[in-house]
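S.K.: Structure provided below as structure tokens; questions to follow.
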Amino acid sequence: VMTAAVSCVEEQGKDLGMPVPMTFVGHSDESASPSTKTSLNATFNILWDKDDYITVFAGDGKGVTFSDVTVDESGTVATFKGDIPLADNYHALYPAQEDAMYDSETESVTAVLSSVQGAVEGSFGDNVNLSVAKSSSEHLKFLNVGAIVGVQCPSAYSPSSIMLVSRDPEVKMSGKATISYNDGNPVAVPAEDAASYVEFKGGFNASSYRKIFYFVVYP
């Protein structure tokens, strides 16, 4: 499943650099791969949520958070509205991050994959599945930055947390990274102080035993 976002300029004629109203429509494309977005349903399609915000970059530095979100009943189409300057190229990031930065010289985004993730049976935590998009046209196709790893709850006693730790501390699994593209695919280079673990917290109960929960980690 790939998530595509289409941007439509609702107002024309303003000078470049002045924010104008724009609408981004994100929808699932069941024929595409790899999967992206926010939660998994029983058939592993990716669904949007009304609390899914994105950051859009029209140039260097910080981007604009699009938090005016509506989602259709199927969860496969989300509409984002906000104001952003007109630009020849747009880059976008999910989930929205206020401190994320875009560098046009390296065509990269610096963002964070959360080290502490909420446990959701059969899916992954809210605002976790890091993905990026870029386009010189009105179409933005989001691609996963991380990999999705399934973990079976090992205890019938409702653990308070589960931690997945790299055997090699030099292999980073979460935290800050610089994300660029190689042949159109996003590649993350974790920072030196990125984490070599991810941790689930909350979401477990007596019925969680042997159920599958998903981490999002750097590949």
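The values are calculated or read from the model by the stated rules, or taken from the named source; none is laboratory data. Note that the structure is predicted; figures quoted are calculated from it, not measured. Using ideal geometry, Cβ is built from the backbone for each residue, glycine included, and neighbour counts are taken over all protein chains shown. Please note that ligands, DNA and RNA were not included when accessible areas were found on the heavy atoms of the full protein model with its side chains. Shrake-Rupley method; radii C 1.70, N 1.55, O 1.52, S 1.80 Å.
S.K.: Looking only at segment 125-148, count how many residues are at pLDDT 85 or above, outside any strand (DSSP E or B) and either among the small types (Gly, Ala, Ser) or surrounded by 23 or more Cβ atoms within 10 Å (Cβ to Cβ) (or both).
M.R.: Qualifying residue count, segment 125-148: 6.
S.K.: Which residues, counting only those in segment 54-69, are surrounded by 18 or more Cβ atoms within 10 Å (Cβ to Cβ) and either part of a loop (DSSP other than H, G, I, E, B) or touching a residue at least 60 places away in the same chain (Cβ under 8 Å) (or both)?
M.R.: Answer for segment 54-69, where residues must be surrounded by 18 or more Cβ atoms within 10 Å (Cβ to Cβ) and either part of a loop (DSSP other than H, G, I, E, B) or touching a residue at least 60 places away in the same chain (Cβ under 8 Å) (or both): Ala58, Gly63.
S.K.: Regarding segment 152-172, can at least one residue be identified that is within 30 Å of Asp103 (Cα to Cα), outside any loop (DSSP other than H, G, I, E, B) and either basic (Lys, Arg) or modelled with pLDDT under 85 (or both)?
M.R.: Within segment 152-172, not a single residue is within 30 Å of Asp103 (Cα to Cα), outside any loop (DSSP other than H, G, I, E, B) and either basic (Lys, Arg) or modelled with pLDDT under 85 (or both).
S.K.: Restricted to segment 191-219, and to residues that are open to solvent by less than 20 Å² (accessible area, probe 1.4 Å) and out of contact with any Asp or Glu (no Cβ under 8 Å at 6 or more places or on another chain), which residue is nearest to Tyr94 (Cα to Cα)?
M.R.: Across segment 191-219, the extreme among qualifying residues is Val216.
Let's see how each residue does on (1) touching a helix residue (DSSP H, G or I) at 6+ places or on another chain (Cβ under 6 Å); (2) over 20 Å from Val189 (Cα atoms); (3) of a type in the set (Ser, Thr, Tyr):
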{"residue": "Tyr53", "(1), (2), (3)": "no, yes, yes"}
{"residue": "Gly63", "(1), (2), (3)": "no, yes, no"}
{"residue": "Tyr90", "(1), (2), (3)": "no, yes, yes"}
{"residue": "Asp99", "(1), (2), (3)": "no, no, no"}
{"residue": "Glu105", "(1), (2), (3)": "no, no, no"}
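S.K.: Restricting attention to segment 174-206, report how many residues are touching a residue at least 60 places away in the same chain (Cβ under 8 Å) and under 17 Å from Ser114 (Cβ atoms).
M.R.: Going through segment 174-206 one residue at a time, the tally reaches 15.
S.K.: Read through the list (1) open to solvent by 80 Å² or more (accessible area, probe 1.4 Å); (2) within 15 Å of the chain's Cα centre (by Cα), then give the number of the only condition that Ala188 fails.
M.R.: Failed condition: (1).
Quick grid of which residues meet (1) at pLDDT 75 or above; (2) farther than 29 Å from Tyr218 by Cα; (3) among the aromatic types (Phe, Trp, Tyr); (4) part of a strand (DSSP E or B):
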site: Thr3; (1), (2), (3), (4): no, no, no, yes
site: Lys14; (1), (2), (3), (4): no, yes, no, no
site: Ser35; (1), (2), (3), (4): no, no, no, no
site: Phe44; (1), (2), (3), (4): no, no, yes, no
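S.K.: Still on this structure, I have one more. Within segment 199-219, can you find the residues that are at pLDDT 90 or above and either touching a Cys at 6+ places or on another chain (Cβ under 8 Å) or of a type in the set (Asp, Glu) (or both)? Walk me through it before giving the result.
M.R.: Kept after step one, since they are at pLDDT 90 or above, are these residues of segment 199-219: 199, 216-218.
If the condition is that a residue be at pLDDT 90 or above and either touching a Cys at 6+ places or on another chain (Cβ under 8 Å) or of a type in the set (Asp, Glu) (or both), then Glu199 is the only one that fits.
S.K.: Sticking with this structure for a sec: Just the residues that are part of a loop (DSSP other than H, G, I, E, B), open to solvent by 60 Å² or more (accessible area, probe 1.4 Å), closer than 30 Å to Tyr214 by Cβ and of a type in the set (Ser, Thr, Tyr), please, taken from segment 70-115.
M.R.: Ser74
S.K.: Looking at segment 175-198, can you tell me whether even one residue there is at pLDDT below 85, under 23 Å from Gly59 (Cβ atoms) and out of contact with any strand residue (DSSP E or B) (no Cβ under 7 Å at 6 or more places or on another chain)?
M.R.: No, that holds for no residue.
S.K.: Further question on the same structure: Among the residues of segment 190-219, what is the count of those that are farther than 9 Å from Lys172 by Cα and in a strand (DSSP E or B)?
M.R.: The number of residues fulfilling the criteria is 9.
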